[in-house]
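**Q** Below is a structure I'd like to ask you about.
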Amino acid sequence: MIAAKLIRRINRNLRPFGLRLGAVPIWLLGLAIAIVWAMPFVWMLSTSLKYAGDVMTVDVEWLPRRVTLGNYEKIFTDFPVARWFLNSVIVSVISTGLNIVFGSMAGYALARLRFPGRDALFMLFIASLMVPTEVTVVPLLLGIIKIGWWNTYQALIAQPLTYVYSVYIFRQFFLSFPRDLEDAAKIDGAGHFLIFWRIAFPLARAPLIAATVIVFTFNWNNFLWPLLAVSDESMKTLPVGIAAFAPVVGTRTQLEGFALGMAGITVLSVPSLLVFFFLQRYFIQGLSSGAVRG
Amino acid sequence: MAMKAARGRRSADEEPVDWVAYVFVAFFTIPFLLFNIAPIFFGAYVSFTKWGIFGKPKWVGLQNFRDAFNDEFVGIAFTNTVLYGLVIVPCVVVIGFTFALYVNQRWPLSALARTLFFSPYVVSATVIGLVWVWMLDTQFGLINHYLGYLGIDNVPWLTSTNWSLLGVSIASVWWDLGLAFVLFLAALQDVPRDLYEAAEVDGASRWQRLWLIILPQLRPVISLVVTLQLISTLRIFSQVYVMTNGGPASSSSSVIFYMYNEAIQRQLFGYASAVAMLLFLLIIAITIIHRVAIRER
Amino acid sequence: MAKTMSLSRRQFAKAVGKTALLATAATFPAPFVKGADPITINHWSWLAASDGEIWAQMINSFNDAHKDKGVQIKMEVIPEEQYNTKVLAAAATGNAPDFGWGTAGQRAQWAQDGVIVPLDDVAKQTGLDLADFSEFSLKMARYPKYDNKLFMIPMDLMSLQPEVNIDHVKEAGLDPAAFPQDGATLIEWAKAMTKREGDKVTRSGIMMTGSGVQPTVTWGIVAEQMGFQRASDDLKTAAVNPEAGKAAMQWVLDLFDTHKVSTRDVTDRYKAFGTGQGSVFWTGPWTLNGYVEQKLPFHTYLFPKIGEKQLTYFEMGGMEFYVQPDEARYEASMQAVKWLSDNSFLWTTKGRGASPRTSLLNHPDYKTAGHSWDVRGAFVDGMAIATAGEIPVLAGPNFTIYSGGNFLAKTLEQVWAGQKKIDQAMAEIQEQWQKDLDAG
């Protein structure tokens, strides 16, 4: 009797939070898992603040016994990390921007315009997703060397420009677009371009953000292509530069320790984490509401 | 009159053709053809040749493919790649879906959970290479440390031929899950509330609601996620490269990784391209099988 | 009508704008400006261990000394595994660097294809004193099959010798002055210095990894000590005396499974030795700088005689010149290399291996400058026993014992992992090598 009353009272209090008593354990479990899921990041940060000698300890230390910002100092002074960061920003922003603009136009045309070869073109785009990038990388390398684009920004920008996810996302979105808007505009005599630019595109905020997050992330983390296309230290992008600290394939294993590498990858991860963090609501919205139907 | 001009000429089959569409697609398509398709065709051509970058490719017909079939390391790479698919894809789909279900409940702090679950997706391969190699370290790694509390001996995650594939897979699931998770979440949010409520009114239990109503609604998304993850996993490369370099003894090697080695380290581009072509065929085959299997249901 | 017209104009403007943007993008200043300054010599290096730091110092010294003369070397560090591919790609499009680091004996294919150029004439022109170089070093820099021309200017000679953690030696009550000279004593020492937890090795007596370079090169050395020859002297027969090769494979396996002085669980051997997780680590002089800097207590000794002969791995590094469309560049590059070689005292006392130049070896300070003779001496004196080198055929890379990824290493890896029987591995190796030798 009393127990039932108690439960009801508790449930009433929990209601504004959307919880029931029975759900609380699952709720807590889920949170615990979520926190554990992100543990590697905490570990990464923690290690980056340790002195090199304190890293390999038999007991796991979540909080460094001695905190130091020395690793961060070192990577910025001993290595052109600032320059790598700048390179990544330049390449990612430009390539993402162009990809989104071109991709949205192509997606719109594929969804709403009629022209011979439309479906074939779309098939071609999708098929290219199945071909591993790694296959295209070496012939592309030769091509860009021939036209003198080795170690240049153009080469770094051009390759990810062809990422077809944005076209796919925009096409999906525009397919579900109500025709009446268009028809209204057409009656006013507007041509397709105006329709696209003035009406369709501004309404496509959700897929725009979704595509931007995906493409930017892809660009920021692009690894193999910058690894090959650039050998000049001052032209490397951040992931490639920092990879020199990786114990298995890095070239600096004898000299640098994990702590330094962790500082490097913390710096590396911050921009993409921030971009996602601020845009996540739109991001998820952009992937729903008809944008993705499989 | 202006309307007609704006809508374009009529083509033979009475449907207006929007010629301006070609302009629309040109901006994307031209770089695409140049930087994506052209290298693919060149790669396809090279797979029938023997070529070491310097000098002209020498036509050898099907020799590369024959060599690939006889090369035991190619066999190992393909087996591993399929294993990766069998391990990673189900994990990503199931775990991602579970997480999405959880976040979709909109319990307190669900936004935090959402951020935490997705965040690994945005990091770079280099991060995986450093953090997870460290976490899976046999002596000093976090994973073994906590497994120790459960009474389990140190697992040689990355240094043993038995465990390396699993070690790389664990890191991969952690990394790749984010996209599946948000796709599921977005789709769940699309499920009309009335469906939920109607089922609740009918007295359906939570489980029944899940299986009989939500899952069927989500079939297209599930199919999409499986397809995307499958294709992406079959192409696995960067994790292998930064975590184990394919070892030990090729136990974690994947097809693309093997191809990279043959191409970059041994300059056997013809051979490497042939191996890549074989993988491409495998991917197409699996995708088609998957699509057919779905349609049949 | 009017509306359509203005539309097209706007469309056009947009298209032009986009093109303009792209055009601007194409004219971003490329930091790699080739040909703008005719006296910038392009040099690529793949040195990445602590030797890389010293080499960078050498290049900087050159640049400082030549600032007024208007000649500068621009060095780029390329990851070792990509070095070959990038050089080839560059050479294929006429953009190869002027000179780079090479390993003697592994460039037969490049010599044949003309990626690297013969240097006899250019060397003579610039007055490089070839007579000062040891005969052996020059011999190694030639390719008999290609007119016996000189394809490399030797910079230093290296060998693999055991570096030993002296603290571990003293801890085990052993005498640092009496390092083992034969295989049996070596194993005894290793057993005394190994630390175990139950059945697992936690501190390796002999630093080894389960895959990669270390076990491969160990096998190579021990095999040749036991009488195995990767190729007959006339380069016609592969795998001479395979029984010795098999015995050597067993010797390596025994380290893990029988004597239990090594463990397969090490991923980074350099770091492991540096953090005291191993006692005896045979490696090359490229590690000296790093370990000395971190004040690791170690000495270097001569490789013991495990088989019938006492020998160890030999490697020679030097400068190779890549094909240039403008032949005038060779002379400028040779001038630079001449300076580097003449001034390689720092390189061969602190940076890496022994000098190939007699004048430097005879320099009064040679033994005292740079790193202490305790750690450096064995690498210099040990050149006398360093005879296991490269097989100078087109498929040379398949034969090299200092590799983690070539055919030999991959096949051996399966033996170390217990996936392949020794007999079968030997048979496969013999078969492949025979094919390689037959190919030329």
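The values are calculated or read from the model by the stated rules, or taken from the named source; none is laboratory data. What you see is a predicted model, and the numbers here were worked out from it, not measured in a lab. Every residue, glycine as well, gets a Cβ built from its backbone with ideal geometry; the counts of neighbours run over all protein chains shown.
**Q** Between residues in the range A:252-263 that are within 8 Å of chain C (Cβ to nearest Cβ) and residues that are modelled with pLDDT under 55 and surrounded by fewer than 24 Cβ atoms within 10 Å (Cβ to Cβ), which pairs lie under 9 Å by C-beta distance while being six or more apart or on different chains?
**A** A:THR253/A:PRO247
**Q** Given the conditions (1) under 28 Å from C:LYS305 (Cβ atoms); (2) in contact (Cβ under 8 Å) with a residue 12 or more places away in the chain, and given that C:LEU360 satisfies all but one, which numbered condition is not satisfied?
**A** C:LEU360 satisfies all of (1) under 28 Å from C:LYS305 (Cβ atoms); (2) in contact (Cβ under 8 Å) with a residue 12 or more places away in the chain except (1).
**Q** State yes or no: is C:THR237 away from chain A (no Cβ under 14 Å), under 19 Å from the mean Cα position of the chain (by Cα) and not aromatic (Phe, Trp, Tyr)?
**A** Considered against the rule, which asks whether it is away from chain A (no Cβ under 14 Å), under 19 Å from the mean Cα position of the chain (by Cα) and not aromatic (Phe, Trp, Tyr), C:THR237 comes out as no.
**Q** To continue, here is another question. Which numbered condition trips up C:TRP110, out of (1) surrounded by fewer than 20 Cβ atoms within 10 Å (Cβ to Cβ); (2) part of a helix (DSSP H, G or I); (3) in contact with a strand residue (DSSP E or B) (Cβ under 8 Å, 6 or more places away or on another chain)?
**A** (1)
**Q** Taking C:GLY276 as meeting all but one of (1) within 30 Å of C:LEU47 (Cα to Cα); (2) touching a Lys or Arg at 6+ places or on another chain (Cβ under 7 Å), write down the number of the exception.
**A** The failed condition is (2).
**Q** If you don't mind, there's one more thing I want to ask. Could you say which residue among C:LEU186, C:LEU160 is surrounded by 14 or more Cβ atoms within 10 Å (Cβ to Cβ) and either among the hydroxyl-bearing types (Ser, Thr, Tyr) or out of contact with any strand residue (DSSP E or B) (no Cβ under 6 Å at 6 or more places or on another chain) (or both)?
**A** C:LEU186
**Q** Hey, which of the helices (runs of 4 or more DSSP H) in the range B:104-222, taking only ones fully inside, have at least 1 residues that are in contact with a Leu (Cβ under 9 Å, 6 or more places away or on another chain) and either at the interface with chain A (Cβ under 10 Å from one of its Cβ atoms) or modelled with pLDDT of 85 or more (or both)?
**A** B:110-118, B:142-149, B:164-190
**Q** Could we say that A:ALA200 is buried (at least 19 other Cβ atoms within 10 Å of the Cβ) and over 30 Å from B:TRP51 (Cα atoms) here?
**A** When the stated conditions are applied, A:ALA200 passes them.
**Q** Search the range B:246-261 for residues being under 17 Å from C:PRO79 (Cβ atoms) and more than 9 Å from chain C (Cβ to nearest Cβ), and hand back the single one that is modelled with the lowest pLDDT.
**A** B:TYR260
**Q** Anything in the range C:73-96 that is away from chain B (no Cβ under 14 Å), in contact with a Phe, Trp or Tyr (Cβ under 8 Å, 6 or more places away or on another chain) and modelled with pLDDT of 85 or more? List them, or say none.
**A** C:ILE73, C:MET75, C:GLU76 - these are the residues of the range C:73-96 that are away from chain B (no Cβ under 14 Å), in contact with a Phe, Trp or Tyr (Cβ under 8 Å, 6 or more places away or on another chain) and modelled with pLDDT of 85 or more.
**Q** Shifting gears a bit: Restricting to the range C:363-397, give me the number of residues that are part of a helix (DSSP H, G or I) and in contact (Cβ under 8 Å) with a residue 40 or more places away in the chain.
**A** Here the count works out to 12.
**Q** Just one of (1) under 20 Å from B:ILE37 (Cα atoms); (2) at the interface with another protein chain (Cβ under 9 Å from one of its Cβ atoms); (3) surrounded by 19 or more Cβ atoms within 10 Å (Cβ to Cβ) trips up A:LEU238, so point out which.
**A** Exception for A:LEU238: condition (1).
**Q** Just a yes or no: is a residue in the range C:313-329 out of contact with any Phe, Trp or Tyr (no Cβ under 6 Å at 6 or more places or on another chain), part of a helix (DSSP H, G or I) and of a type outside the set (Asp, Glu)?
**A** Looking through the range C:313-329, at least one residue is out of contact with any Phe, Trp or Tyr (no Cβ under 6 Å at 6 or more places or on another chain), part of a helix (DSSP H, G or I) and of a type outside the set (Asp, Glu).
**Q** Return the residues of the range C:256-285 that are assigned to a helix (DSSP H, G or I) and surrounded by 24 or more Cβ atoms within 10 Å (Cβ to Cβ); say none if nothing qualifies.
**A** Hits for the range C:256-285 are C:PHE273, C:PRO285.
**Q** Looking at the range B:43-72, which of its residues are crowded, with 20+ Cβ neighbours inside 10 Å and in a helix (DSSP H, G or I)?
**A** Once the filter is applied, which keeps residues that are crowded, with 20+ Cβ neighbours inside 10 Å and in a helix (DSSP H, G or I), the range B:43-72 yields B:GLY43, B:VAL46, B:ASN64, B:ALA68.
**Q** Here's something else I'd like to know. Select from the range B:43-86 the residues that are at pLDDT below 85 and under 28 Å from the mean Cα position of the chain (by Cα) and list them in ascending order.
**A** Listed by number, the list holds a single entry, B:GLY43.
**Q** If you take the residues of the range A:106-151 that are assigned to a loop (DSSP other than H, G, I, E, B) and over 26 Å from B:LEU268 (Cα atoms), which of them is farthest from the other protein chains (Cβ to nearest Cβ)?
**A** A:GLY117
Per-residue answers, yes or no, for (1) within 24 Å of A:SER231 (Cα to Cα); (2) aliphatic (A, V, I, L, M):
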| residue | (1), (2) |
| --- | --- |
| C:GLY70 | no, no |
| C:VAL87 | yes, yes |
| C:ALA90 | yes, yes |
| C:THR93 | yes, no |
| C:GLN109 | yes, no |
| C:ASP120 | no, no |
| C:ALA131 | no, yes |
| C:PRO144 | no, no |
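**Q** What do you reckon, is A:PRO40 exposed (fewer than 14 other Cβ atoms within 10 Å of the Cβ), under 30 Å from A:LEU63 (Cα atoms) and either at the interface with chain B (Cβ under 10 Å from one of its Cβ atoms) or at pLDDT 80 or above (or both)?
**A** no
**Q** Then there is this: Does C:THR349 qualify as being under 17 Å from C:GLN214 (Cβ atoms) and modelled with pLDDT under 90?
**A** Here the answer is no, as C:THR349 does not meet what is asked.
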